[in-house]
Structures are given as structure tokens and as C-alpha cells.
Amino acid sequence: MTREILFAGFGGQGILFCGKVMSYLGLVSGLEVSWLPSYGPEMRGGTANCHVIVSNDAVGSPIINNPTDLIVMNLPSFDKFENTVSPGGNIIIDSSLISKKTSRNDVNAHYIPATQMANEMGVPKLANMIMLGKLISVLAAVSLDQVKEALEKSVPPSKKELIEVNLKAIQAGYNFNSDI
Amino acid sequence: MIYIICGHYGSGKTEIAINLALSLDNATIIDLDIVNPYFRTADAKEKLESSNVRVITPQFANTNIDMPTVPAEVFSALTGEGNIIFDVGGDDAGAIALGQYNRFIKEKKYEVQFVINACRPMTENADDTIKLMREIEAASRLKVTKLINNTNLKSETTKEIISDGQDLVNKVSDATGIPIGAVSGKKELLDTIKTDFPKLPLELHLDFPWERGV
Amino acid sequence: MMETIFERPKALADVPFHYCPGCTHGIVHRLIAEVIDELGIEGDTIGVAPVGCAVFAYNYFNCDMQEAAHGRAPAVATGIKRANPENIIFTYQGDGDLAAIGTAETVHAATRSENITIIFLNNAIYGMTGGQMAPTSLVGQVTQTTPYGRKVEMQGYPIRMSEMLATLEGSSFIKRCSVDSIKNINDTRASIKKAFQCQIDKKGFSMVEVLSTCPTNWGLSPAESMDWLRDNMMPYYPLGVYKDVTGGDR
Amino acid sequence: MDKVLMKGNEAIAEAAIRANCRHFFGYPITPQTEISAYMAKRMSKVGGTFLQAESEVAAINMVYGAAGAGVRVMTSSSSPGISLKMEGLSYIAGADLPCVIVNIVRAGPGLGGIQPAQSDYFQAVKGGGHGDYRMIVIAPSSIQETVDCTIDAFDLADKYRMPVMLMGDGMLGQMMEPVSFPEVKTDHLPKKDWATTGTKMKRKANIINSLYIHPEELEEVILKREEKYNTIYETEVKYHTEGLENADVVLVAYGTTARIAKAAIALAKQNGIKAGLIRPITLWPFPTDIIAKTAPNVKCMISVEMSTGQMVEDIRLAVNGVCPVHFYGRTGGAVPTPTAIFEQIRRYA
């Protein structure tokens, strides 16, 4: 099993953090992982993306050219990466920020209004965790205990109190049924 | 007698100083070139010493160190007997180092020989040459007493080149009233020219590694 | 019975100096060695030698020494001090080293209040390379690279390092001295001692600037050089204490 | 669990601390800044020194001073900053001081760009600074290997009294992978009795210096150092190979590029082409022997680099005309793709 997951959106949406939690999820599940961010000017407000590979085998190239899973949180990233997704792969789209639908019929599209849900929950910054919850449910590979363990490793000790609320957001995404 | 050999960079001061030292009895040659660490009296030290010439050089001459410190021995040589030849560094920059010995030099009989090579840039015409000479005089606080025509293009020197250089040296002499001491050059060439001035045939002592015999 | 009236300081190595006759490097080396003896710190002292005429300073002291690249002595000293804060570190630098190529290292060592001592020889000329303009060469001074005299519009003004470093919060003891007379030589010795004491007391950055001569490149006899120093350098570089906060706590 | 997820830059910093490096002098530059940031946080907690210097020039000279004083010391930078450190590096080599320099390479020349590159290969292995000197250059290709190589770098520096460079690219510095830290031992290494720690009036003064008055004296010192370099060439070469048996085409690549090359080799296999990989881990000393030994058995070799072709020259020297050596590279911060490398394999197979 190898998942090549591309997270993409605006700087400030927590894209890199989202990928980091996913990497820790792989780590606590005993898998090989790699996490590669885009860095530099993009980090300071432009588009941001990161490549996460989770695999049973040693990770070769850490660069993803054709993701098996794409998580997009803005339109430019959707336009840029939509066609790179491997056939049979997943695209998870924040439908409160991207009104377009995918034109591809060889991938599974999951539309979730993550930003709107986060606002309604009173945690506007956690749309990224809602998206991650959706990805976890799509991949159906891990337990919530493992998610909690991964969060504990990703969040610095000074911000421990945020673990619970992050977990709630992940759960909301996990439970959201976008496929009706 | 103190002979001070000065002039423009690359005018041939060191070769003239070495030849002069070899021609005199009881001679001490002082390498006072604080400007350029290459092609200096120290290169001919062995040859000079085997001909009984005392050689005083900056202590780091011919080492890896670019530090032209002048040795205290110079003062002792100046207070002793015999002939002293100062091989001075190029231009006024090189002549500055003479300044500290001014008092000692003036107490003795001395000659300041200004070497001219008309083939060198910055001494191609009389005005520039005189200007440079005046700068050297100011830096050393000594007056030039003789001009030496050492015009040459190294191995490509011809008698025409020497005679062109003589025209320049004559002009400098006329304008300043400083007498011409000699025309210098390789003996074979000097033999081919006619001149009213004394000839100073040179045997060359500074060479490149590829010119040295095995 | 003979009485010893002149003795080589123990911290000074038993080798002849290479300096030109009349050069003041020798005097200042001796003063540093005397101070090291007086303070009894030879076994703890590490000196940093510069590039410049004092490039061989590492041969002249009996303490451990490091040679530094041109201008980098304060950075090298910082590295040594941070590796072992109990050692006493001094740098010995000329004007080109300290005030031109190494200005950044000097200023930042001072502003960090790096607990080191700098002995700064200012003779207004580059000696090692044969008499070119120094950052401290005076206006009008003729050097190999200012053949028509240093001109403000071309080369700017000579830099006063003691005054400049004294404005920095981090400097603790800054003094300008001279070695042109017995009285001033004694004062320089006392100032060097105070600078080392400042470091021993962990009070931060100290520097003693010493106005010095260069007979060879100035084209003057040693005696004339001393006159030139007094007549030309002292008016522009006044002697005195520019900073002294060693009395209280920082 | 003994594994942690770390960025390459963080892993280098932590590995250095585990290797008992307690002195770090740095200056910020992308994409290696995390090393400084990590050191700033961690050094004070382990009783070490982190100092942000006023420039790369000052930082490397602080390294010189501290190395001369006998401690394990490190600095890190990225390409333009490494250029500034070259003066100090030459002095460190000339004074036989041990230290570790990290170069997280970005695109050049000049200001270039912050994206990953391997275009500092020449600078690292052929000199950069002035004079006859060598530097051990190690190029890891995963974060775990980065940890191991950092620890090795300190040991090699101390063993041979010389600067060792750890060279990664921006991608390796920025990416995260799980790592574990081995236990570090240093008791097998020589004592630093040459260091300037104060004579305590019990020994002769130690002098750290690279200046020699007479050419013959300097020549002798250099030739002695050359003997040391020869020993290193004989004993410290490190590389990794894959699928060399029966390979028609062999890729030679290091660092991140080697991982992309692996993906290309997998593509080749799917298409029925037998390709192998030689991955130099030490760039100096260069794995000349394995390349020379492999050359007669293959159709050709392809050097894959993030440059316009630098390591390829050393491969050609090693191959010495026995088989063709081709080059494929991307530069300026662009990264080769597995597909593009595979196209090269297909072209020459």
C-alpha cells in the first residue's frame, strides 16, 4: 500500500500542518512516511502545498507528480492539480471555497464545505482538520486513538489544550457524508 | 661612496645595482625594495657574495612572506667604510624607504643615479619622466645627480631602440641640467652603437626559471 | 654583585623581533608581555595574531596563539572565548585589519560585549604591503595609493575607531594611548593592564588603541617619526579614555 | 516508540547535539534557517553556545577559533553563504582544524533562487577556497541517513583534523521523515593535545597557524597533508548500489536526485529495461573504484544531477572511456521527474 497525498491551498490555511498530522498518523501506524513542503515565498501568504507519502515500503522519491489523493482548499490549487491525480484516486474539495466541480469521471470527488462548517463550529481556523477528517474516512485506515496520538505529536506542548478541539474538527469531517 | 640607484618600476635598477656592486671594491649592496617582492637583489645573493660583495636584504626577501621590513644592518653599513649601493624600490613609493637614512647619507659622499627606460609606460616622454624624477626626489629628500639611459625591450632590444631612448634622456638632461652618467645595455649591443657617453655593459643576473641552465 | 635592571618579560618568547628599526610594534609586544606577567595569566591566555606586520605575533609570546585571517581576529577570539570562557583572550590588530577589512567583526564583537581584549595599533598606513593608504591615514597624507595625498572627496575621512566603539552600549573600556614618550609608554602599559583586568572581572569588551609609527613607510627616521606622530596624528586622534564602565555592574 | 518525525534541517541539528557538538555559529539564509532556529532553542538547554554571527564570514571564523580551542563546532549555510565562508574554510584546512560545515544547497549562481539544487558540487569537492586542500564531503539522501552522516562527519573531522562538509539540497533540508538517533561514542578518537586551551605553564605554547615562511617548509606541510588525503581516499569512500548485476544502464546520482532516480529505475523495470544505481554518499573521496569496476559490464552510465553537469566529470574520469557516460540534469531549482529520467534510460538502453 502506498498513498501519495498532496495537500494544497493558501498560506495560512494550515496546509503544512494538515500534512504533518497525516505524516504522524502514518508514523504511529508503523508505516514509512515522508513529508515535503513547498517552501520560501509561498510560505508567506501565497499558495502552499505539501507532499505526504505513506507506504509499507521505504519511500523513494519524496516528490509527488501524480497524487493518489488530493486535498484542495482554494481554486488555483484545484485548477493546477485536478488533472494530475492518478485514475481511481480521490479529490477532497472544500466546497465552501471552490464552487467548481471536477470534470474528471475517473476519480472519486468528495465535496465538503469545510470552511463553512468550521465557522459554524466556532473554530474558523480548523477547516484544515475537517478536511483531514474527511481524508481519513475516505482512506478508512486508522482508528481515532491513533489520530489522537498523531495530534499529540504534532501540537507543541505549549498548545496542548488545542488537541481536543482539533480532534473534534477531525471527527466532524470524518462523519460528514459528502457522497449523498 | 654611496650609490643610490632609483627610477621607475622595471627600468632596470636592480641589474645596474648588481653590475655596479660587482665592479667596485669593498662593496655592500642594500636591497631596499619594499614595494615589489619579485625580481630583486636577493635573487643574485649567492653570485654577489661569492664575489665578495656584502648583501643586505629585507629579512623576508625570497620567502613566502610579503613583508618588506628593512633590517637594522642598514644603519651599521652606513656608519662603516667602503662603497654602498642602494637598490631602491620603484618610483616615489619605493624611494620613501630612503627617507629614514637621509641624515646618514648626507653626511657622506653620494651619487643618486636615476635609471630611465624609455620603453616603459609613464616614462615615454621627457615631461612625465622629469615629473616622476621630482617625485622620487621629494620622497627620498635627495637630489638626482646622474641620469642612466637603460632603454631596452629585453631580448627584443635593438640599437635603434637604445638611440631613441638616448633622445629622451638627452631632453631630460637639457631641461634639468643633470648630467648623463652612462648608457647601459648588453655588451654585444653596446658594441654596435656610437655614443659620447660612457658605456656601462651589463651582465644580466636576474632570470626566469626557464632561462636557467640545468 | 650585579643588579638586574633589565629583564625580558617571561611571557615574551626569546626570539628576535623582525620589525624595522624604530617600529613601535616591539614596544607594544613588550608591554603586553609585562602585563601578562604582572597579572600572572600566561597559562590561561590565548592570543590572536592578525594579518599585517604583526602577522608573526604568534612567535613572540609564550602563551597559546592562533593566527587569524585578515580582519577576522575578533570573530576568531569570539570562537575561542565561547569555547572556553575561562581563558583570557586578546587580539593584536593593525589599522587595516581592525578598521577596514575587519570593521564588521570589530563592531559586532564590541556590541555583543564579547569578553575579550583588543590591542589596536594605529600607524595610519599599511606597513606589510609597503605603504598604502589605511582607513586611518590622515587627510593630505601621501601614501602609495594616495600619491597626491588623501583627499576627502576621493577617499573620505580617516576613521576614529575608539570614538565610534565608545558609542556602543556593549563596549566597557576604550582608551587611546601612544608610545611616543616614556610617560605615554607607562600610561599604555597601565591601560593594557586595565583592559585585561576588565576581561578577568568579566566586564565585557575592552580595547586599547595605541598610536604608533612606521619609519620605513613614512620615510622618516625613528626620531622624526615620533615628531610626526605628535604633530599630525595626536591632534586628529586625541589620547584619552573614551569609555570606562568597569567601575560598576553592567 | 524510538522514532520521531523530523525535518532534514532539524535532524542535522539534533544529530550534531547528540554528537556532543556544543558550539554553533550561524547566519540566517533560506533554506537552512531551521538549523539555526533549532540550535537556538536546544543549545541553551544542553549548556551549549548558539551564536548568530554578524555575517557568514564572521561565523566561519568563530568556528575556526572554537575548533582551535578544541571543541566540536559546526556552522551551516546555503550556497551564497557558503561562498562567503570559503576564505575561512581554506584557513581551517590550512591550520588542520576539525569542524563540520553544512551546505543546504540552493540554486545559483549569484542570488539564484531558494529552490533545491546540486550546483555547488564543484565548489565542495574541487576547492572553492584557495590553496591545495581537500574536504570530506558527505551527501545523504534520506533524513535517517542525514542523522547518521552528521554523526560520522564529526568523527571524521576529529579523526583526520580537517573540515567535513555535509551537503544536502533544499528539499532534503525541508522534508520530514521518521528518524531514530543512535548512541554516540567518541572515546576511540585522538586527544586534542594541539588545541589552544592555555598552557597552564605546564607545556609549550600551542599555535594554530597556516603561515610558513619558507616555500620548502610549506611544501612539506602540504605534502604531509596530501598523504592524509590519500589515506582517506583509500579508507573512507562510501556509496550505495542497487541492481548493478545484469544492468544495461547504470544511473549515478546522489542526495535527493538518487531517490528520484530509483523511481525511474522502477519505471524501467516495468518496461522491461534493466537499470541500476550507484549512489555516492561521500562525494569526496569519490567512489571511483566501483564506477570503474562497473563500467565494462554496462552499455552506458547516466549521471543525473540538479545542475548542468558537475559530478559527470568525475564519473568520466573514473570510467576512463570504457563506456559512454551521458548526462541528464535539471537546474535553477527545477527538479527532475522520474518519467524524464526514465526517458533517458529508454533512450540509451
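FYI, it's all coordinate maths here, none of it is from the lab. Small disclaimer: the values here were computed from a predicted structure and weren't measured. Neighbour counts run over all protein chains shown; Cβ positions are idealised from the backbone, glycine included.
By count of other Cβ within 10 Å, fewest leading, how are B:Val53, C:Val241 ordered?
Fewest-to-most ranking of B:Val53, C:Val241: C:Val241, B:Val53.
Between A:Gln116 and B:Thr192, what is the label-to-label distance in nm when each label sits 7 Å out along the Cα-to-Cβ direction?
Result for the modelled spin labels: 10.4 nm.
With no solvent and one equal point scatterer placed on each C-alpha of the stretch D:240-348, evaluate the Debye formula and give log10 I(q)/I(0) for q = 0.10 Å⁻¹, two decimals.
Scattering profile of the stretch D:240-348, log10 relative to I(0): -0.23.
At what distance in nm do the modelled label points of D:Asn20 and D:Lys202 sit from each other, each positioned 7 Å from its Cα along Cα→Cβ?
1.8
Starting from the eigenvalues of the Cα gyration tensor, five times each then square-rooted, give me the equivalent ellipsoid semi-axes of the stretch C:133-176, largest first, whole Å.
So the three semi-axes of the stretch C:133-176 are 28, 10, 6 Å.
Rounded to the nearest 5, what % of the DSSP beta bridges within chain D are antiparallel ones?
25
Using 7 Å Cα-to-Cβ label points, what is the C:Thr111/B:Asn52 separation (nm, one decimal)?
For C:Thr111 paired with B:Asn52, the spin-label model returns 6.7 nm.
Whole number please: convex hull volume per residue of the Cα set in the stretch A:1-136, in Å³?
In the stretch A:1-136, the Cα convex hull volume per residue is 98 Å³.
Taking only the alpha carbons of chain C, what extent do you get along each of the three principal axes, in Å, biggest first?
53, 49, 31
Based only on other Cβ atoms within 10 Å, what is the fewest-to-most ordering of C:Thr213, C:Thr129, D:Thr241, B:Thr129?
By the 10 Å Cβ count, ascending: D:Thr241, C:Thr129, B:Thr129, C:Thr213.
Kirkwood hydrodynamic radius, chain D, all distinct C-alpha pairs: what's the number in Å?
For chain D, the Kirkwood estimate is 20.8 Å.
Within 10 Å of each Cβ in peptide B:58-69, how many partner chain Cβ atoms are there on average? Round it to a whole number, please.
Per residue, the number of nearby Cβ atoms from other chains is 6 on average.
Normalised by the number of residues in the stretch B:2-211, what is the relative contact order in percent for Cα pairs under 8 Å and 6+ residues apart?
This gives 23 percent for the stretch B:2-211.
To two decimal places, what compactness ratio does chain B give when its Cα radius of gyration is scaled by 2.2 N^0.38 Å?
0.97
Show me the GluC sites (Glu not before Pro) within the stretch B:33-142 that DSSP assigns to loop and that have at most 14 other Cβ atoms within 10 Å of their Cβ. Spell out each step's value before the answer.
Numbers: sites: B:Glu46, B:Glu49, B:Glu73, B:Glu81, B:Glu107, B:Glu111, B:Glu124, B:Glu135, B:Glu137; in loops: B:Glu81, B:Glu107, B:Glu124.
Passing sites in the stretch B:33-142 are B:Glu81, B:Glu107, B:Glu124.
Taking every pair of distinct Cα atoms and averaging 1/r, then inverting, what Kirkwood hydrodynamic radius in Å comes out for the stretch C:1-108? Don't skip to the answer; put the middle values down first.
Values: mean 1/r = 0.0687 Å⁻¹.
This gives a value of 14.6 Å.
What is the stretch C:89-226's relative contact order, in percent, from Cα pairs under 8 angstrom and six or more apart in sequence?
In percent, rounded to a whole number, it is 27.
Give, in nm to one decimal, the length gained when the segment between D:Lys126 and D:Lys293 is fully stretched (0.36 nm per residue of separation minus the Cα-Cα distance). Before the final figure, lay out each step's value.
Details: separation 167, 0.36 × 167 = 60.12 nm, distance 2.34 nm.
Separation in residues times 0.36 nm, less the Cα-Cα distance, equals 57.8 nm.
In what order do C:Phe173, A:Phe176 fall by count of nearby beta-carbon atoms within 10 Å, going from fewest to most?
A:Phe176, C:Phe173
In whole Hz, what ³J(HN,Hα) sequence does the stretch D:33-45 give by Karplus (6.51, -1.76, 1.60; θ = phi - 60°), x for Gly and Pro?
4, 4, 4, 4, 4, 5, 4, 4, 6, 7, 4, 5, 6
If you average over every viewing direction, what projected area does the convex hull of the Cα atoms of the protein assembly as shown give, in nm²?
Hull-based average projected area comes out at 51.9 nm².
Can you tell me, using C-alpha contacts under 8 Å and at least 6 residues apart, the relative contact order of chain A as a whole percent?
It rounds to 21 percent for chain A.
Enter the mean number of other protein chain beta carbons within 10 Å of the beta carbon of each residue in A:25-37, as an integer.
Average per residue, whole number: 4.
Would you kindly compute the Cα radius of gyration of the stretch D:286-349 and its largest Cα-Cα separation (Dmax), both in Å?
12.0, 34
With r as the distance between the Cβ atoms of D:Glu219 and C:Thr167 and R0 = 41 Å, compute the FRET efficiency 1/(1 + (r/R0)^6) and round to 0.05.
In this case the efficiency is close to 0.30.
Determine how many Å³ per residue the convex hull of the Cα atoms of the stretch C:102-250 encloses.
109
What trypsin sites (Lys or Arg not before Pro) in the stretch A:101-180 are in a loop by DSSP, with at most 12 other Cβ atoms within 10 Å of the Cβ? Walk me through the numbers on the way to the answer.
Details: sites: A:Lys101, A:Arg104, A:Lys125, A:Lys134, A:Lys148, A:Lys153, A:Lys159, A:Lys160, A:Lys168; in loops: A:Lys101, A:Arg104, A:Lys160.
Hits after loop and neighbour filter: A:Lys101, A:Lys160.
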